[in-house]
Structure formats: C-alpha cells, structure tokens
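Student: Dropping the structure in here first, questions after.
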Amino acid sequence: MSWTEAMVIPDLPKGFSHPVRIGEGAFGSVYRAHQWALDRHVAIKIIHESDSKKRKELLNEAKIQASIALKCIPQVYDAFERKKCVYIIMQWIKGVSLKTLLENKLLAQDRFQLAQKVLLSLSELHALSFAHRDLKPSNILIASTGECYLIDFGFSKEVKGLQNSTFNKTQGTPAYMAPEVWLRGEGVDHIRADVYSAGKIVSEILEHDDSYTNSLSPLLEENPEKRLRSAKEALECFSEINSVSVDNHYTWPQTVQTLSNQNFSHCLMLAAKQLMYTARFDEAYLLVVECLEIDPENTEALKIINSFSGSKKKHILKRRVSLTGAFLTLIALLLLSFFAGKQSVKHESVSIDKEKERISLGETYSQKVTSIRERMPFRSDPVRVSKSLTSVLYVNNLEDWNRVTVNQTTVNKEKLLSGLKLEQGSHLVRIFNKTDTMIWEKQVTLLPFQNKTVRVPSSIQVQQ
C-alpha cells in the first residue's frame with residue numbers, strides 16, 4: 001500500500017465515524033468505524049464496483065453470509081449500495097490472522113490446539129452445507145479472546161441448495177487449492193476441496209512435522225473420492241493422533257493479545273494522522289487516546305497528543321489566511337472591474353449597475369468571512385475527554401500510617417486504594433508515621449490515561 005493510498009479517508013455512510021483501516025481483502029478495504037446509533041464499533045467492508053449487476057451479486061453474497069448463524073463466522077449486520085460501492089457492515093473482531101500468529105514461536109501444545117480450533121470452525125460451517133472455497137492462514141482470524149473465525153467469504157457456496165456464490169469460477173489461493181479445482185474448475189465438491197485446504201493449513205500449523213504425515217494423508221488425498229468427506233471427519237481423525245504430551249499450558253492467547261495490540265495501535269496511529277491531515281481533530285484525538293490505552297508508552301502517540309493544540313491553531317491560522325487571501329483577491333477584481341467600467345462611456349450605466357452588484361457581493365462575502373472567523377475560536381481542549389480516560393493512581397499495602405500526601409496535599413487513604421484520578425506527569429507520594437515523620441516517598445510518573453499501581457514496601461513498617 002502506497003503512502004497516497006494510506007492517506008485516503010473512506011467515504012463512510014451517515015452515522016459512522018472514526019475510520020481505521022484494519023485490512024485489505026480480495027475485493028476491497030476493511031475499516032473499523034464507530035456506529036453512533038448503537039454506540040458500538042463495527043467493521044465496514046467497502047468494495048468499489050462500477051458494474052451494477054456485480055454490485056447486486058455482491059449484496060446477495062452478503063445476504064448469504066448473514067444467514068450463517070455461527071460463532072465462528074463474523075456476523076453481517078447490514079449491506080447496501082452507495083456511490084457505486086457496496087458497503088457491508090459486520091461484527092468487528094480484534095485479533096490477528098493465523099498467518100501472523102504462525103510467524104511467532106509457539107509451543108507444541110499451542111500448535112496442536114490451534115489446529116483443532118481451525119478444524120472445529122470449519123466443521124461447523126460444513127454442518128450447515130456451506131463451503132468456504134478460499135481457506136488459507138490469512139483468512140483465519142484468531143481473536144484476542146481466543147476464538148477462531150473464518151473470514152473473507154468472497155467465494156462461499158451453499159452446497160445443499162446448489163446456490164452458487166458471486167464468483168462461481170476457479171478461485172482460491174494456489175498453495176492451498178485442491179488439485180481438482182485446478183483441473184476441473186466446475187463440478188467440484190467444494191466441501192472436500194475445503195478439507196484438502198484444511199489439511200495443508202494443519203500441516204503448516206504443525207510445522208510440517210513428519211510424525212503427522214500418515215495421520216494427515218486422509219485430508220490430503222489428491223483423489224477427492226478417497227479424501228475425507230467433511231471437516232467433521234477430519235476433526236475426528238485429527239483428534240485420534242493426539243500423541244503430544246499436553247500439559248494444558250497454552251501461551252498462544254497471550255501471544256495473540258500482544259500481537260493484536262501492536263498491530264492495532266499501528267492502525268490507530270495511521271488513521272489518526274490521516275484525520276489530522278484533513279483537520280478532523282476530534283476524531284483523531286480519540287484514536288490517539290485509544291492507542292495510549294493499548295500502549296501507554298507509545299512515544300509517537302504521546303508526541304502527537306501533546307501537539308494537538310499547536311496543530312489546531314496552525315490549521316485555523318492557515319484557513320484564516322486562505323479566506324483573507326480569497327477576500328483580497330475578490331476586492332482586487334472588483335477594483336479592476338470598477339476602473340474598467342469608468343473608462344467605458346458607452347456602457348457606463350450598465351457598468352455602474354454591475355459594479356453595485358459586485359460590491360454588494362463583496363460585502364456579503366466579507367460578512368461571511370467574519371462570521372466564519374467568529375465561529376472558529378481556538379479551544380485549548382480539542383475534545384471532551386470522558387472521566388474513564390483520566391490517569392489513575394493506586395497505592396496498595398497502606399498500613400495504619402498517620403497520613404499520606406500526594407504532591408504535598410494530604411489524601412484520604414481510601415481514595416488511594418480505590419484509585420485517585422490525577423493529571424498526566426510526575427507526582428510525589430509520601431508516607432508519614434504517627435510522629436508525623438516522613439518514612440517513605442516515591443516519585444510516580446503517570447502517562448496520559450494510564451492506570452498505575454504502586455505498592456508500599458513492607459520493610460518500612462519497622463520505621464514506625
């Protein structure tokens with residue numbers, strides 16, 4: 001994706017804002033956005049298509065996916081046409097693709113459980129007589145909460161009803177396609193073709209371990225007639241080969257959480273820069289705030305959030321200069337027209353009438369500029385920040401000390417235990433004993449919107 005493409009902000013429908021590009025599909029871009037009517041985050045897939053017939057088919061494809069009521073399939077909320085684009089509003093899932101996850105070091109039991117989750121999700125889809133038709137690690141989403149989702153149903157097909165999908169052609173990703181799809185294209189059992197793709201994926205998850213070769217062969221049979229008939233049979237077959245010593249100590253959920261935070265914080269920062277570039281400061285500010293909630297030590301986010309006042313001032317100044325320049329240009333044109341009219345005796349009366357009209361227009365424009373200026377006072381607070389985003393300090397292990405101060409102000413100890421809301425920056429915490437002698441102090445630095453806990457050392461009890 002080029003920088004120019006990255007800077008393009010999508011044209012969202014009314015009622016949606018704060019776009020964050022989270023992915024690129026086979027047919028369009030996917031954004032996370034905020035839906036104001038229901039106060040929730042959603043994923044919006046935007047597909048540019050000039051052909052009205054194909055737009056209709058894409059909407060039908062979305063309708064088919066919306067009919068699939070499974071936990072392993074992102075829910076489709078709505079789909080519609082707008083300005084030669086198809087918009088599909090879907091459930092937003094924070095996570096990473098299986099492809100990204102497999103690029104990291106995983107334990108043997110982690111890999112085995114992931115393989116089971118993939119086969120279980122596919123078996124649920126096959127149980128409803130649907131085939132995915134483009135299974136690959138990048139089309140399997142592992143959520144930060146641990147669920148496994150099958151995504152990008154651009155090539156799905158309802159087998160039982162023989163209702164073909166939008167793209168009923170030889171489609172898929174070559175590395176994971178079944179041989180018969182290559183050879184025949186049409187008349188293929190796509191359920192069994194999915195099983196072959198799943199076998200390829202499971203083999204990759206298990207790092208192509210030779211000890212699983214014989215067990216996976218029923219999934220990878222080149223002759224579809226000899227291959228397992230569905231992912232349910234594949235799951236049963238795979239479960240029988242569980243010879244790995246599993247201690248139920250899985251590390252992959254933590255890995256997914258870390259990776260999803262890293263990836264999404266990057267997406268948030270890029271989106272914030274896009275919005276700032278177009279002077280949509282309120283939206284950009286909240287995205288930077290969200291980034292800091294995920295990664296409180298993100299230096300780029302800290303730098304940007306501290307530059308908001310300057311950025312907004314600069315934008316307002318630039319706009320005022322632009323308006324002033326336009327106004328002066330208009331005055332210059334009016335003056336030129338006026339003198340040109342003076343030199344023309346023949347059309348003097350006509351020129352005077354036009355001049356009056358132009359002067360009137362100039363006065364109207366001047367009033368408009370003044371009105372805009374009056375409506376654009378600079379605010380030191382770019383947006384209203386909810387209380388939940390305030391920095392909070394907790395102090396634990398508070399014994400029966402005489403008093404505790406924060407920045408030389410005595411603070412109720414109950415507030416420190418339940419959380420004391422403070423501004424970002426450095427704060428000095430001190431503890432005094434019964435003789436009002438300071439026995440402990442600590443300088444605490446709070447980042448914007450950070451919740452930080454400080455524990456008083458037990459060793460200071462002897463100093464009472």
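No lab work stands behind these numbers, since they all come straight from the coordinates. Just so we're clear, the structure is a prediction, and the values are computed from it rather than from any experiment. Please note: Cβ atoms are built from the backbone with ideal geometry, for glycine as well, and neighbour counts cover all protein chains shown.
Student: Evaluate the distance, in nm, between pseudo-label points positioned 7 Å from the Cα of Asn407 and of Trp36 along their respective Cα→Cβ axes.
Tutor: 3.4 nm
Student: Using amide H atoms built in the peptide plane, which far-off residues or other-chain residues are under 5 Å from Arg403 H to H?
Tutor: Amide H neighbours of Arg403, under 5 Å, 5+ apart: Phe432.
Student: Report the charge-dipole magnitude of the range 388-463 in Debye, nearest 20, computed about the Cα centre from +1 at each Lys and Arg Cβ and -1 at each Asp and Glu Cβ.
Tutor: With only Lys, Arg, Asp and Glu charged at Cβ, the dipole is about 80 debye.
Student: Which of the trypsin sites (Lys or Arg not before Pro) across the range 413-442 are loop residues per DSSP, with 16 or fewer other Cβ within 10 Å?
Tutor: Hits after loop and neighbour filter: Lys434.
Student: Work out from phi, with θ = phi - 60° and the Karplus expression 6.51 cos²θ - 1.76 cosθ + 1.60, the ³J(HN,Hα) of each residue of the range 122-132, listed in order in whole Hz, and give x for Gly and Pro.
Tutor: Going residue by residue, I get 5, 5, 5, 5, 5, 4, 9, 6, 10, 10, 7 Hz, with x marking Gly and Pro.
Student: Right, another one. Excluding Leu235 itself, what net charge comes from residues whose Cβ is under 14 Å from its Cβ, given Lys and Arg +1 and Asp and Glu -1?
Tutor: Residues close to Leu235 contribute a combined charge of -2.
Student: Also: Calculate, for Ser52 and Tyr77, the FRET efficiency according to 1/(1 + (r/R0)^6) with r their C-beta to C-beta distance and R0 22 Å; round to the nearest 0.05.
Tutor: Result of the calculation: an efficiency of 0.40.
Student: Also, I was wondering about something else. Too long at a 23 Å Cα-Cα cut-off: which of Lys99/Lys226; Lys54/Lys117; Lys413/Lys442?
Tutor: Correct reply: Lys99/Lys226; Lys54/Lys117.
Student: Which log10 I(q)/I(0) values does the range 178-289 give at q = 0.17 Å⁻¹ under the Debye formula, counting every alpha carbon as one identical point scatterer?
Tutor: Normalising to I(0) and taking log10 leaves -0.84.
Student: I'd like the distance between the alpha-carbon centres of the range 19-77 and the range 111-137, rounded to an integer number of Å.
Tutor: 21 Å
Student: Give a quick list of trypsin sites (Lys or Arg not before Pro) in the range 212-294 that DSSP marks as loop, anything other than H, G, I, E or B, with at most 11 other Cβ atoms within 10 Å.
Tutor: Of the trypsin sites (Lys or Arg not before Pro), the ones in loops of the range 212-294 whose Cβ has at most 11 other Cβ atoms within 10 Å are Lys226.
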